[in-house]
Amino acid sequence: GRVMGQSKRLRLSDVRAVFRLVGECRELGIDGQLWRRHLLSELLRLTGGQVAMGGPTGMRENFASSQPLPVVDVGWEGPREQGIFYQYMLDRMHLSDPAMSRFGAQLATLPAGVKSLTRSRRQLADDRAWYASAAFCEYLRPSGVDHGLMSLVVVAGGQAHGIPLFRPPGEGPFTARPRRL
């Protein structure tokens, strides 16, 4: 499989890959761990990411709570890096993370009826604020992640499900095409 290039437009092969992936996940059945692990691994392959998480978040439709609770994660360099990231969540650093706090603010202002949002880290926080933040310097860089792509959708019952994807430090940001995918 190829990693998505610089074009902003989705190709027919990208749309086919998404439909194929949905079908594969459905075939894996009701085991949420199994199909989410497959989904995330394939999303990493399609977008050029390294680390992905997915599942219900602590956010509800009103976005009042913002404690992320990833159910499945894949792609960590090792248990040390994964542990540092989980400490970031336990310490609630996402609340002061310049990208995540802005993502939460954008979620809170979505028009009625809009149930999803996808943003890259650069759409949420400029490089200066990001690289100077305690969230990045103390947690995210040591966990081996940098540029991110966050997607969240609210499903029936008001539960929010999120998928953050990350690239390691030194790799470029996610472009428009992976965001659309």
Checklist entry - For the chain, modelled as a GNM with alpha-carbon contacts under 10 angstrom, which of ALA160, ALA129, ALA52 fluctuates the most? => result ALA129
Checklist entry - Where does the longest stretch of the chain lie that holds no GluC sites (Glu not before Pro) found in a DSSP loop with 16 or fewer other Cβ atoms within 10 Å? => result 78-170
Checklist outcome for this item: Residue span GLU171 to ARG16: 0.36 nm per residue of separation minus Cα-Cα distance leaves a gain in nm of 53.1 nm
Item to check | Carbon plus sulfur fraction of accessible area for the chain, probe 1.4 Å, in percent | outcome: 56 percent
Checklist outcome for this item: Amide H proximity to GLN50 below 5 Å, modelled H, separation 5+ or other chain, gives PHE166, ARG167
Checklist entry - What FRET efficiency would be calculated for the residue pair ARG45, VAL114, taking the C-beta separation as r and a Förster radius of 25 Å, to the nearest 0.05? => result 0.30
Item to check | Choice from ALA105, ALA135, ALA125 with maximal GNM fluctuation in the chain (Cα, 10 Å cutoff) | outcome: ALA105
Next on the checklist: With every protein chain kept in place and ligands, DNA and RNA left out, what is the accessible area per residue of the stretch 91-181? Probe 1.4 Å, answer in Å².
Outcome noted: 45 Å²
Checklist entry - Just from the alpha-carbon atoms, what are the Rg and Dmax of the chain in angstroms? => result 15.7, 44
Item to check | Total formal charge among the other residues, if their Cβ is under 12 angstrom from that of VAL145, Lys/Arg +1 and Asp/Glu -1 | outcome: -3
Checklist entry - If amide H atoms are built 1.01 Å from N in the plane of the peptide, which residues on other chains or at least 5 residues away come under 5 Å of the amide H of VAL71? => result GLY54, GLY55
Checklist outcome for this item: Going residue by residue through the stretch 150-163, the Karplus relation 6.51 cos²θ - 1.76 cosθ + 1.60 with θ = phi - 60° gives ³J(HN,Hα) values, rounded to whole Hz and with x marking Gly or Pro, of 10, 10, 9, 9, 9, 9, 3, x, x, 6, 9, 10, x, 9
Item to check | Summed side-chain charge close to ARG167 - residues other than ARG167 whose Cβ falls under 12 Å, Lys, Arg +1, Asp, Glu -1 | outcome: 0
Checklist outcome for this item: When the charge dipole of the chain is computed with +1 at the Cβ of Lys and Arg and -1 at the Cβ of Asp and Glu, the Cα pointing farthest to the positive end, of LEU12, ALA99, GLY54, is that of LEU12
Next on the checklist: Quick one: 3J(HN,Hα) in Hz for the stretch 35-46, Karplus 6.51/-1.76/1.60 with θ = phi - 60°, rounded, Gly and Pro as x.
Outcome noted: 6, 5, 4, 5, 4, 5, 4, 5, 4, 4, 4, 6
Checklist entry - Roughly how big is the chain's charge dipole about its Cα centre, with Cβ charges of +1 (Lys, Arg) and -1 (Asp, Glu), in debye to the nearest 20? => result 760 debye
Checklist outcome for this item: In deg cm²/dmol, rounded to the nearest 500, the helical mean residue ellipticity at 222 nm of the chain, built from -39500 (n - 2.57) for every DSSP H run of length 4 or more, is -11500 deg cm²/dmol
Checklist outcome for this item: Applying the gyration tensor rule to the Cα atoms of the stretch 131-181 (axes a ≥ b ≥ c; rounded if a/c under 1.5, else prolate if a/b exceeds b/c, else oblate), the class is oblate
Item to check | Derived scalar couplings ³J(HN,Hα) [the stretch 128-136; Karplus, 6.51 cos²θ - 1.76 cosθ + 1.60; whole Hz; x for Gly, Pro] | outcome: 4, 5, 5, 6, 8, 6, 5, 4, 6
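The values are calculated or read from the model by the stated rules, or taken from the named source; none is laboratory data. Computed from a predicted structure; not experimentally measured. Virtual Cβ from ideal backbone geometry, glycine too; neighbours counted across all protein chains shown. Areas reflect the complete protein model, heavy atoms only, side chains present, ligands, DNA and RNA absent. Shrake-Rupley method; radii C 1.70, N 1.55, O 1.52, S 1.80 Å.
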